[in-house]
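Worksheet: one structure, shown below.
Nothing in this text is a laboratory measurement; each read-out follows from the coordinates by a stated rule. Keep in mind the model is a prediction, meaning the values are calculated, not measured. Methodologically, a virtual Cβ is constructed for each residue, glycine included, from the backbone with ideal geometry; neighbour enumeration extends over all protein chains shown.
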Amino acid sequence: MKVKLLPYNKHFVTKDPSTPLPEEVMEDDKHLKFPKDKDKDKDKDKDKDKDGEGEGLIDAQDLSVSRSSVPVSALVYNEIPPGIFHIHAPEIWTAGYQGAGVIVCIIDTGCDVYHPDLQSQIVGGWNYITNEGGPNDVSDLNGHGTHVAGTIAANLNGAGVAGAAPQAKLLIIKALNKNGYGDAADVINAINSAVGFQGPNGERVRVINLSLGISADYPPLHNAIINASGSGVLVVCAAGNGGDGVAASSEFAYPAAYTESLSVGAYDFNTGGVAPFSNSNNEVDLIAPGVTILSCFPGFNFAYMTGTSMASPHVSGAAALLFQRHLALNGTAPTVSQLKYELRNRTVSIGYPPSQQGVGDLNLIVDNPSV
């Protein structure tokens, strides 16, 4: 069975993350529709011919900012992107929690492991794309995975950008190729490998970020998500970019639509609401910034990208912060159910139906009484 989502990979690349986003890019992002990309369909067909079997193909879901009054130096303050301020991660940092001791696995297009904001964050990785380097080559020939990694855990080094959990560590598994496509079997193997991973000191993966998806239920993928959740690993997924802006209509992408995962829709800075492309359905858990998101990009670069793919890593980074906090305060690691509850509880309703916003917009310093 051939399965896919329609990707939208929009980015403005710069060497200097302080470069203002061009006005025309900001204007375009106000009206994103995520149209069918015929060129990428052609690329995918080429990949199908090259790799043999076309079944189970998965692609990447390319898919007013409040800057908190946090006592950080001006240098550090300037490297924190708007999305990280929006979820109020810096307030959690100043309470002593930056994700230390937590490993987040990113299953994506790889990562620029030499990027100055990421090179100290990576604890391991491997590559399932056989025609893009050896088994340990996680080079990102697309940019999507590097961008996701930066939002989760770019370090606080006084330059570049900072991620939501700047002391968390990253396990990078490359299961999508340079065009953003991969085989479902590779993604399943990647999930199972992440669950079984142990670091040099016995550390385990606690969170998996899946900014990817397919348009139909695929039972083997569902089983892998069930196994991860049952093994104590929270799986955070991009909700998908097939939305039409209508709450009453449902658009599903998997694995986000599986109950065992945490489904993240996209908040739009331009409108202060849910991004119109963000999938709506009864499995959406919450929303996070997903429009014109600044993060790392290969080649020591930085980029603005848009999609629920960009919203999901905000939540994965937040999960690392809350995992560390729960462990410190309770002496035991949180269960997946507890971590889901803590994330959903730290949200603010922005007035949209649950099918679009879930329980609300991620805000780490509040308690949501409706959860």
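Rounded, prolate or oblate, given the Cα gyration tensor of the range 222-304, with a/c below 1.5 counting as rounded?
Oblate.
For the range 73-362, rounded, prolate or oblate, judged on the Cα gyration tensor with a ≥ b ≥ c (square roots of eigenvalues), a/c < 1.5 rounded, else prolate if a/b > b/c?
Because its axes are fairly even, with a/c under 1.5, the range 73-362 counts as rounded.
Provide the gained length on full extension for the span Asn223 to Thr259, in nm with one decimal, where the gain is 0.36 nm per separating residue minus the Cα-Cα distance.
Full-extension gain reported as 11.8 nm.
Using DSSP to define loop residues, name the GluC sites (Glu not before Pro) in the range 228-321 whose beta-carbon has at most 12 other beta-carbon atoms within 10 Å.
Of the GluC sites (Glu not before Pro), not one in the loops of the range 228-321 has a Cβ with at most 12 other Cβ atoms within 10 Å.
Please give the length that would be gained between Val246 and Ser120 if that part of the chain were fully extended, namely 0.36 nm times their separation in residues minus their C-alpha to C-alpha distance (nm, one decimal).
Between Val246 and Ser120, full extension yields an extra 41.1 nm.
Rounded to the nearest 0.05, what FRET efficiency is calculated for Thr94 and Gln198 with R0 set to 25 Å and r the Cβ-Cβ distance?
It comes to 0.20.
I need the semi-axes of the equivalent ellipsoid of the range 155-313: take the C-alpha gyration tensor, multiply each eigenvalue by 5, square-root it, list largest first in whole angstrom.
Over the Cα atoms of the range 155-313, the semi-axes work out to 24, 22, 14 Å.
Out of the DSSP beta bridges found with both residues in the range 104-207, what percent are antiparallel (nearest 5)?
The antiparallel fraction comes to roughly 10 percent.
Determine, from the Cβ-Cβ distance of Thr335 and Ser18 and an R0 of 56 Å, the FRET efficiency 1/(1 + (r/R0)^6), rounded to the nearest 0.05.
0.85
Which chymotrypsin sites (Phe, Trp or Tyr not before Pro) does the range 90-147 hold that lie in a coil by DSSP with at most 16 other beta carbons within 10 Å?
Answer in residue order: Tyr114.
Quick one: work out the % antiparallel among DSSP beta bridges in the range 245-349, nearest 5.
If I count the DSSP bridges inside the range 245-349, around 60 percent turn out antiparallel.
Please state the shape class of the range 152-202: rounded when a/c is under 1.5, otherwise prolate if a/b exceeds b/c and oblate if not, all from the C-alpha gyration tensor.
oblate
First measure r as the distance between the Cβ atoms of Ile365 and Thr130, then evaluate 1/(1 + (r/R0)^6) with R0 = 41 Å and state the FRET efficiency to the nearest 0.05.
0.35
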